[in-house]
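Read through the structure below, which is laid out as structure tokens, and then see the notes.
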Amino acid sequence: MTTLLTVISTLLWWVLYSSMAALAFALIGWSVLRWAERCAVVFNRIYLACLLWTLAGMLLVVGVAAHEGRLHPPYGALLGSGLLRGALVLDMLIGSVLLWRLVPRVDAHRIRPGSACMAVAVIMALGFGVATSLA
């Protein structure tokens, strides 16, 4: 019973933290996509794409950290890992595809792939800057 409660608690915290990060990423992505597309974009679809992207990204990073045995602070050595860098590239590809496929403009056209890549790059740059300042 304790194991079941631990798993449920872990899943709830995973979704809670992912949704908080997704909201911050969606706000950044919304402003970048609005600027890049020169047109309004649908915010709730950006949030959905960022939520799915954040859920997948957290799984990737925790999987790499567990594989390398670095689940506890300090995380400086983890940030220098080649495997984590590969996981972050995969994470950026997942984010670009999710934004490109899920986010429409208000005129019902899909955003350009370049705009999705730019939004993901800005989000990752800001996120990586915050992560390295905290580590």
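Things to note:
- Residue in region 71-84 that is least open to solvent (accessible area, probe 1.4 Å), counting only those that are at pLDDT below 90 and farther than 20 Å from Gly129 by Cβ: Leu71
- Across region 26-85, the number of residues qualifying as farther than 18 Å from Ala121 by Cβ and among the hydroxyl-bearing types (Ser, Thr, Tyr) comes to 3.
- Among the residues of region 108-120, the ones that are part of a loop (DSSP other than H, G, I, E, B), open to solvent by 70 Å² or more (accessible area, probe 1.4 Å) and either under 13 Å from Ile28 (Cβ atoms) or touching a residue at least 40 places away in the same chain (Cβ under 8 Å) (or both) come to 1 in all.
- Out of Ala56, Ala65, sole residue that is surrounded by 13 or more Cβ atoms within 10 Å (Cβ to Cβ) and at pLDDT 95 or above: Ala56
- Criterion: open to solvent by 30 Å² or more (accessible area, probe 1.4 Å) and either of a type in the set (Gly, Ala, Ser) or assigned to a helix (DSSP H, G or I) (or both) - qualifying residue of Ile94, Ile46, Ile123: Ile94
- Among the residues here, Ala77 does not qualify as among the hydrophobic types (A, V, I, L, M, F, W, C), at positive phi, free of Cβ contacts under 8 Å to residues at least 40 places away in the same chain and out of contact with any strand residue (DSSP E or B) (no Cβ under 9 Å at 6 or more places or on another chain).
- For Glu37, the conditions (1) under 13 Å from the mean Cα position of the chain (by Cα); (2) open to solvent by less than 80 Å² (accessible area, probe 1.4 Å); (3) in contact (Cβ under 8 Å) with a residue 24 or more places away in the chain all hold with the exception of (1).
- Lone qualifier among Val89, Val64, Val32 - being in contact (Cβ under 8 Å) with a residue 60 or more places away in the chain and of a type in the set (Val, Ile, Thr): Val32
- Applying a threshold of 7 Å to beta carbon distances and a minimum spacing of six or more residues, or different chains, the list of pairs starting in region 43-54 at a residue that is under 10 Å from Val103 (Cα atoms) and ending at one that is open to solvent by 70 Å² or more (accessible area, probe 1.4 Å) reads Phe43/Trp30; Ile46/Trp30; Tyr47/Leu23.
- Ile111 over 11 Å from the mean Cα position of the chain (by Cα) and either of a type outside the set (Ser, Thr, Tyr) or farther than 25 Å from Leu16 by Cβ (or both): yes
The values are calculated or read from the model by the stated rules, or taken from the named source; none is laboratory data. Quantities reported herein were computed from a predicted structural model and do not represent experimental measurements. Counting neighbours? That spans all protein chains shown, and the Cβs are built from the backbone with ideal geometry, glycine included. Accessible surface areas use protein heavy atoms only, side chains included; no ligands, DNA or RNA. Shrake-Rupley method; radii C 1.70, N 1.55, O 1.52, S 1.80 Å.
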